Structures are given as structure tokens and as C-alpha cells.
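Worksheet: the structure to be examined is printed underneath.
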Amino acid sequence: MSQAQGSDVTIIGGGPVGLFAVFQCGMLGLSCTLVDALPELGGQCSALYPEKPIYDIPGYPRIAAAELIQQLEAQAAPFAPQYLLGRRVESCRRAGDGFVLGTHKGDMIQTRAVIIAAGAGAFGPNRPPLAGIEAYEGKAVHYLVRRAEDFRDASVAIAGGGDSAVDWALALHGVAARIYMIHRRAQFRAAPESVARLQALEGNGVEFVVPYQLSGLEGDGSALKAVLVQSLDGEARRLDAQHLLAFFGLKSDLGPLQHWGLDLERHQLRVDPTTCATSEPGIHAIGDVASYPGKLKLILTGFAEAASAAHALYPRLKGQALHFEYSTTKGVPGQ
């Protein structure tokens with residue numbers, strides 16, 4: 001428990017959009033505290049697909065998600081933000097002309113304004129209902145891939161029919177010794193061109209196990225020996241595998257944010273598209289958590305919203321109109 005140092009703006013969410021909001025606020029002379037429930041920066045980029053390439057970041061024809069986070073962290077570094085990681089913001093109350101935020105660890109954060117960049121909210125994997133699966137999680141059962149090399153020369157079972165399952169099967173081909181693709185139907189929901197690429201690898205280190213679904217795990221509670229599957233007709237198979245990658249999507253919710261009295265629209269925060277202001281003065285929302293007509297859920301959209309929110313907050317916090325300058329003119333303060 002701690003009394004966090006006060007700042008002009010507290011940003012809730014440490015993903016790419018939240019990190020860029022630190023930079024945008026810093027360029028305007030606004031100090032920032034960033035809070036995130038995860039123990040490291042990056043949000044879903046770090047937690048779910050750090051090695052997956054992103055192709056629609058301006059100026060980067062291709063950049064890995066983890067590298068994007070590193071670059072954004074370096075961009076924000078000159079403004080010395082205060083990072084409070086591994087903390088979930090649970091409460092928000094007005095205090096004078098600002099707010100006091102409380103975390104689940106007892107921190108009380110004084111701030112003059114809030115920018116919510118919480119993505120889809122708190123998220124976690126949809127776990128397959130297999131007996132004893134918890135004992136293998138993080139060692140032999142995985143819901144995300146941090147490093148492809150962790151599966152070098154291993155036999156891997158991948159369960160799921162969406163983009164994550166197919167994309168990681170393609171990425172691990174040539175790394176893993178063998179890949180079993182488990183899906184309850186022959187049709188996959190992933191991008192057709194990706195499915196076609198994967199199907200072309202059948203018999204070359206990739207085996208399609210369809211239509212089957214997971215039925216059990218075999219091992220000593222730590223090391224996995226086999227993944228058990230069963231068809232819809234009751235036919236059972238035992239797949240020799242040391243790892244199971246289970247990609248059944250994420251479950252997410254806004255958690256305590258939905259009880260702050262902010263206007264909601266389908267589990268998102270309704271905002272003014274020009275300022276990203278919520279229904280509560282002094283609280284703005286950006287990125288996937290923000291909703292308005294015609295919204296494009298892209299990282300680059302969130303970047304633009306971060307700039308809009310920071311510029312909208314400036315006159316409120318500084319008590320004067322902003323004299324706008326391009327970064328090519330003003331440079332980065334302190335550098």
C-alpha cells in the first residue's frame with residue numbers, strides 16, 4: 001500500500017495506446033502516472049502476441065508487437081512517467097478539482113485528470129474444461145506464445161480454429177518437431193489464405209486432428225506426455241505432445257470501471273470523438289475501450305485519440321489555451 005505521487009494525468013492501461021498517451025501528455029508538459037494490472041508494460045501486445053508482426057503501424061512496414069512496445073517506452077522515457085504495474089484500479093472518487101484512484105493493493109493515487117486506455121478491459125483466456133489443467137498452466141499448457149524458441153524440437157498440440165491457432169501453427173512450423181492441429185470441425189475460422197498455407201503443410205510436420213475436441217491430459221502434473229482427444233462420435237485418440245496451446249479466445253470485462261457512473265455502450269465507454277471525453281468531466285477514454293460512431297479498432301486510431309485527449313485536457317489543467325506547435329518545431333522537451 002502506498003500514497004502515489006500526484007500527477008497531472010493518470011493513465012489506466014499500459015498497452016501501446018496508453019504508452020503513447022504518456023508521450024503526448026509529456027509533449028504538453030503534463031506529468032503522468034500509468035497504472036496497469038499486468039506486471040509488465042505492453043498490454044495484449046506483450047501478454048498475447050509479443051513475437052507476432054504488426055503491419056499497419058505508420059513508418060514500420062513490419063514490426064513485432066514486443067518491439068513496438070519497446071519503442072513506445074523509449075519514446076515516453078524523457079518525460080519520466082511513474083509506472084505502477086501489477087495494480088488494478090478499482091475505485092475513482094472526486095477530490096477537489098481532481099480525483100483519487102484506489103487500486104486492489106491499497107494504493108491511493110492523486111491525479112487531476114484520468115485517461116482510460118484499458119483496451120477491452122481486464123482479460124484472461126477461456127480455459128478448456130480439462131481435469132487438472134491448472135497444474136500444467138505456464139509449463140506445458142499455454143494460452144499465449146511469448147517466444148517461439150521455447151518450443152524448439154518439441155511436439156506441440158494446438159487447439160482452436162481461429163486466427164491465433166492458425167497463425168501460431170504457421171509460426172512454429174520449422175521450430176517445433178511436430179504440430180497437431182485440433183479442431184472440432186474441418187472448417188477453420190481463420191483468414192482463408194492462412195488456412196490454405198497451413199493445409200499445404202499437412203504431412204510435413206503438421207497433422208490435422210479433425211473433427212476432434214480435447215478430452216484430457218496425460219502427465220505427472222508438471223511435464224505433459226500426451227493430449228487426449230475425442231471425436232463427436234466418441235472415437236478417442238492419444239497425441240504424443242509435450243505442450244498444448246489452447247486458443248479459445250479471451251474473456252474480458254470492464255470490471256470496476258463499469259460502476260464509475262460513466263456512460264456505457266455495449267461494454268465500452270461512450271466518448272466525444274473530437275476530444276475522447278467521457279460523460280464525466282476530467283475523465284477521457286481512448287483505444288478499444290472507447291466507443292463512438294464509425295470507430296475503427298486499430299492501434300493507429302488509438303494513437304490519434306491519445307493526442308486528442310491530451311490536447312483537450314491541456315486547457316483544463318493549465319488554465320490557458322494551448323499554443324500548438326509541431327514536434328518538428330519544439331523538439332522533445334529535455335532532449
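Taking every residue in region 188-199 that is surrounded by fewer than 16 Cβ atoms within 10 Å (Cβ to Cβ) and pairing it with any residue that is in a loop (DSSP other than H, G, I, E, B), at least 6 positions away or on another chain, the pairs with Cβ-Cβ distances below 7 Å are 189/161; 189/162.
Any idea which residue in region 83-101 is surrounded by the most Cβ atoms within 10 Å (Cβ to Cβ), counting only those that are more than 20 Å from residue 43 (Cα to Cα) and not hydrophobic (A, V, I, L, M, F, W, C)? Top of the filtered list is 98.
In region 41-60, the residue that is least open to solvent (accessible area, probe 1.4 Å) out of those that are part of a strand (DSSP E or B) and modelled with pLDDT under 90 is 54. Checking each residue in region 207-249 for being under 30 Å from residue 37 (Cα atoms) and either open to solvent by 80 Å² or more (accessible area, probe 1.4 Å) or not in a strand (DSSP E or B) (or both) picks out 221, 222, 223, 247, 248, 249. Of 156, 114, all but one fail to be open to solvent by less than 10 Å² (accessible area, probe 1.4 Å), touching a His at 6+ places or on another chain (Cβ under 8 Å), more than 28 Å from residue 232 (Cα to Cα) and not basic (Lys, Arg); the exception is 114. Residue 257 passes every criterion in (1) over 21 Å from the mean Cα position of the chain (by Cα); (2) under 18 Å from residue 114 (Cβ atoms); (3) outside any loop (DSSP other than H, G, I, E, B); (4) of a type outside the set (Lys, Arg) apart from (1). Pairs are defined by a Cβ separation below 6 Å, a sequence spacing of at least 6 or placement on different chains, a first member in region 146-173 that is in a loop (DSSP other than H, G, I, E, B), and a second member that is exposed (fewer than 15 other Cβ atoms within 10 Å of the Cβ); the pairs so defined are 153/177; 161/189; 162/189. Would you point out which residue out of 128, 78 is touching a residue at least 40 places away in the same chain (Cβ under 8 Å), under 30 Å from residue 246 (Cβ atoms), outside any strand (DSSP E or B) and not basic (Lys, Arg)? Going through 128, 78 in turn, the sole match is 128. If you go through region 264-287 and keep only what is touching a Ser or Thr at 6+ places or on another chain (Cβ under 9 Å) and open to solvent by 60 Å² or more (accessible area, probe 1.4 Å), you end up with 264, 265, 266, 267, 270, 272, 273, 274.
Among the conditions (1) aliphatic (A, V, I, L, M); (2) at pLDDT 95 or above; (3) farther than 30 Å from residue 318 by Cα, the only one that residue 28 does not satisfy is (3).
The values are calculated or read from the model by the stated rules, or taken from the named source; none is laboratory data. These numbers were taken from a predicted model, which means no experiment stands behind them. When we count neighbours, we look across all protein chains shown, and the Cβ atoms used for this are built from the backbone with ideal geometry, even at glycine. Heavy atoms of the whole protein, side chains included, go into the accessibility calculation; ligands, DNA and RNA do not. Shrake-Rupley method; radii C 1.70, N 1.55, O 1.52, S 1.80 Å.
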